[in-house]
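All remarks here apply to the structure that follows.
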Amino acid sequence: MGYARDLKIAYSLLPPPISSTPAKYWTSISLLLHSYAVGRAFEIFVEVYGKRYEDVPESQDAFLIGFIHDMGQKLKVRGRSSVEKLRSWFEERLQNYYSNGEAATFTDFLFTNPAETGKDPLYPARFWTLLQLADEIQGTS
């Protein structure tokens, strides 16, 4: 398991608007902990249960999807004008870990939150139930 890798990715993706401005029900630390815990749980679920299927992401990709699942939703509190800035900020940082095309795909997950919707065209619905489970488990702890 890549705990050090995941922490490095998580820290580098926490945008300044979150890290400097707490909102009513969350702080930068609580969002980081929630995002990291969901990302790690989702990564483990994909490693364990995803082996039976070919249409699941690599474990590092699963961590990233789980990590960013709530961020776009939380940052929309800052207004629509910041959405495009957020998208380009994330994509720029993701390019440290992924090629340009992959970075853009993951940036799209910022604003879809398949943990709540249960759908996204990139992967089948049964895959998103693992993300929903990771989010629910973390939310109860």
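The values are calculated or read from the model by the stated rules, or taken from the named source; none is laboratory data. As the structure is a computational prediction, the values presented were derived from the model and not from experiment. Please note: Cβ atoms are built from the backbone with ideal geometry, for glycine as well, and neighbour counts cover all protein chains shown.
Kindly indicate which of A10, A41, A37 is modelled with pLDDT under 75, among the hydrophobic types (A, V, I, L, M, F, W, C), within 15 Å of the chain's Cα centre (by Cα) and surrounded by 12 or more Cβ atoms within 10 Å (Cβ to Cβ). Steps first, please.
Values: A41 fails: modelled with pLDDT under 75; A37 fails: modelled with pLDDT under 75.
Unique residue meeting the criteria: A10.
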Within the set of pairs 6+ apart or on separate chains, which have a first residue in region 114-131 that is surrounded by 13 or more Cβ atoms within 10 Å (Cβ to Cβ), a second that is in a helix (DSSP H, G or I) and among the hydroxyl-bearing types (S, T, Y), and C-beta atoms under 9 Å apart?
G118/T129; L122/T105; W128/T117; L130/Y49
Matching entry among S99, S82 (being surrounded by 15 or more Cβ atoms within 10 Å (Cβ to Cβ), polar (S, T, N, Q) and at pLDDT below 80)
S82
